[in-house]
Amino acid sequence: MRTILCTLLLGAAACAHAADKLKVLIVDGQNNHKWEITTPVLKNALESSGAFAVEVSTTPPKGSPKEAWHAWKPMFSDYAAVVSNYNGEPWPQNVRDVFTKYVADGGGFVSIHAANNSFPEWKEYNDMIGVGGWGGRNEKSGPWLYVKDGKLFRDTVAGNGGAHGPQHEFIVEIQNPDHPITRGLPKRWLHAKDELYSKLRGPAENVDVLTTAVSDLTAVSEPNNMVLGYHKGRVFHTTLGHADYSMLDRGFYTLLQRGTEWAATGSVERTAAVPADFPTETAVSVVKLEGHPKQEAPKPKTK
């Protein structure tokens, strides 16, 4: 019936094109960042590529009764990939179990920025993202993952997991130019003002570090775009994207599009073209999103 109705309203070609898009679910609802502002940017970043059809599932707000959580039952298996813009209260165990099975069975997962702060006690989730920050993470959570002198280190030194200095523009540098997500991109480019995550800790297994940035705190190259395998599933993990002004960056748009397609399919074909306005090593490239209530970047503190 849906196919017939679609054909009548839009025509066969339009329906075929719509059906060909990869279905993606964004999960939000709690975050120590402004998810109400950033989720629309993530949705636009994906849909503007023409490769994705995006829906959003918003969790109950913080402090909601159990009844509200019982009613939240996202159908992960309906989607080729799930994008997390969530950092908040633990999901109910039944939702955790369904999500773990979804990824293990071959579903795609994309972790955005503070989503790697989430669920420090959820073992399977930490296996999926490889490394995370805050939430009580420390050396017991796993090694600190970083790149130095071109080599990947899993440092077991004691210390808390998760840190960043003041927001600033910084150079993103490719570590693996042969991966489908980074293939054809410039070796280095300037990323918009953002939090540069460092000292991330976790199991750090099955991690392929795609790009890094030299931390203002640690002076080593900290991972900011990674891919992982979790059983049959694929995970794209980016630490970029603190705010909308961080996401409204052509480099971020490109990596999110490519990373989501790779997580969903294992390849990058629909989003492989390198945009003409991709940032350079000396200039940020800002995406103009009409009608978006822009979040202002914090001003430097003065004495």
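The values are calculated or read from the model by the stated rules, or taken from the named source; none is laboratory data. Since we're looking at a predicted model, the values are computed, not measured. Here Cβ is always computed from backbone atoms with ideal geometry, including for glycine, and neighbour counts include all displayed protein chains.
For the reader, a short list of remarks on this structure follows.
- Any hit, the stretch 92-107, residues being closer than 25 Å to Val207 by Cβ, touching a residue at least 60 places away in the same chain (Cβ under 8 Å), touching a strand residue (DSSP E or B) at 6+ places or on another chain (Cβ under 7 Å) and among the β-branched types (Val, Ile, Thr): yes
- Test for Gly165: is it of a type in the set (Gly, Ala, Ser), modelled with pLDDT of 95 or more and surrounded by 17 or more Cβ atoms within 10 Å (Cβ to Cβ): no
- Segments classed as strands (runs of 3 or more DSSP E), wholly inside the stretch 25-125, with at least 1 members that are more than 14 Å from the chain's Cα centre (by Cα) and under 19 Å from His237 (Cα atoms): 52-58
- Subset tally (residues that are over 19 Å from Ser49 (Cβ atoms) and touching a Phe, Trp or Tyr at 6+ places or on another chain (Cβ under 9 Å)) for the stretch 212-241: 18
- Residue list for the stretch 108-138, restricted to those being in contact with a strand residue (DSSP E or B) (Cβ under 7 Å, 6 or more places away or on another chain), over 20 Å from Ala163 (Cα atoms) and among the hydrophobic types (A, V, I, L, M, F, W, C): Phe109, Val110, Met128
- Residues that are buried (at least 24 other Cβ atoms within 10 Å of the Cβ), outside any strand (DSSP E or B) and in contact with a helix residue (DSSP H, G or I) (Cβ under 6 Å, 6 or more places away or on another chain), drawn from the stretch 193-235: Gly202
- Flag if Gly108 is under 20 Å from Leu22 (Cα atoms) and modelled with pLDDT of 95 or more: yes
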